[in-house]
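Notes for the one structure printed next.
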Amino acid sequence: MEVPIVPKSRREIHQLETMLLLGTLLQPKVLEIIKDPVEKLTWVDSLAVASGALAREKAGMTVSEIAEELGRTEQTIRKHLKGETKAGEFVKETYELLKKGELKLGDLEAQVELISAEEKIKKLEEEVKELEEQKKTLEENLGKVKDTLKKLLDEL
């Protein structure tokens, strides 16, 4: 699927908006920021607004139209569009990558799969650690049972 750089319809605006949001969210520096649970909601919301604003601006909408449609103030929209907010800055960077052809849907899908694989690996590592602890406990218990049996045999 080709994502339009200058959207002409609502559907194309949403395609560009989605690509901008996903492309920005998957940037390593953004992923690092949103790891903090306190920051996550604020950041995701800001990135969504900045992505929506830029996609609509590229479609030729005015700042007041964008603000009304996204339910934000014109001042907030202007700041995002000028890159005066971190979210706006990151989304603009993503747009430039998209424009240069350096960011494609396939790249994003690969990143999502990679992140998913990394999460699975972390879970598996945690499970291995738990199993190793259980094994250690069982070995200790087995040692105690062996000692007890040895004492009983010696007594007999």
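Values in this text are rule-based calculations from the coordinates and carry no lab data. No experiment lies behind these values; they were computed from the predicted model shown. Every residue, glycine as well, gets a Cβ built from its backbone with ideal geometry; the counts of neighbours run over all protein chains shown.
Assorted remarks:
- Most mobile listed residue (ILE13, ILE34, ILE66) in the chain, GNM with C-alpha springs under 10 Å: ILE34
- Listed residue pairs exceeding 31 Å between alpha carbons, taken from LYS40/LYS135; LYS129/LYS151; LYS35/LYS79; LYS79/LYS123; LYS35/LYS100; LYS29/LYS135: LYS40/LYS135; LYS129/LYS151; LYS79/LYS123; LYS29/LYS135
- Karplus (6.51, -1.76, 1.60) ³J(HN,Hα), θ = phi - 60°, over region 29-45, in Hz, Gly and Pro reported as x: 5, 6, 4, 5, 5, 7, 5, 6, x, 5, 7, 3, 4, 4, 5, 4, 4
- Rh by Kirkwood over Cα pairs, then Stokes-Einstein D for the chain at 1.306 mPa s and 10 °C, µm²/s: 85 µm²/s
- Contact order, relative form, for the chain: 21 percent (alpha carbon pairs under 8 Å, 6 or more residues apart, mean separation divided by residue count).
- For region 45-109, average projected area of the Cα convex hull in nm²: 4.5 nm²
- Label-point separation, VAL44 to LYS86 (7 Å along Cα→Cβ), nm: 1.7 nm
- Taking LYS122, LYS144, LYS86 in turn, the Gaussian network model of the chain (Cα-Cα springs below 10 Å) assigns the largest fluctuation to LYS144.
- Karplus (6.51, -1.76, 1.60) ³J(HN,Hα), θ = phi - 60°, over region 47-62, in Hz, Gly and Pro reported as x: 5, 5, 5, 4, 5, x, 5, 5, 4, 6, 4, 5, 7, x, 6, 7
- Inter-probe distance in nm under a simple model that places probes 7 Å from Cα toward Cβ, at LEU31 and THR73: 3.5 nm
- Computed from the C-beta positions of LEU152 and LEU131 and an R0 of 41 Å, the FRET efficiency is 0.85 to the nearest 0.05.
- Taking packing as the residue-averaged number of other Cβ atoms within 10 angstrom, the listed peptides 26-33, 136-143, 40-47, 53-60 run from highest to lowest as 53-60, 40-47, 26-33, 136-143.
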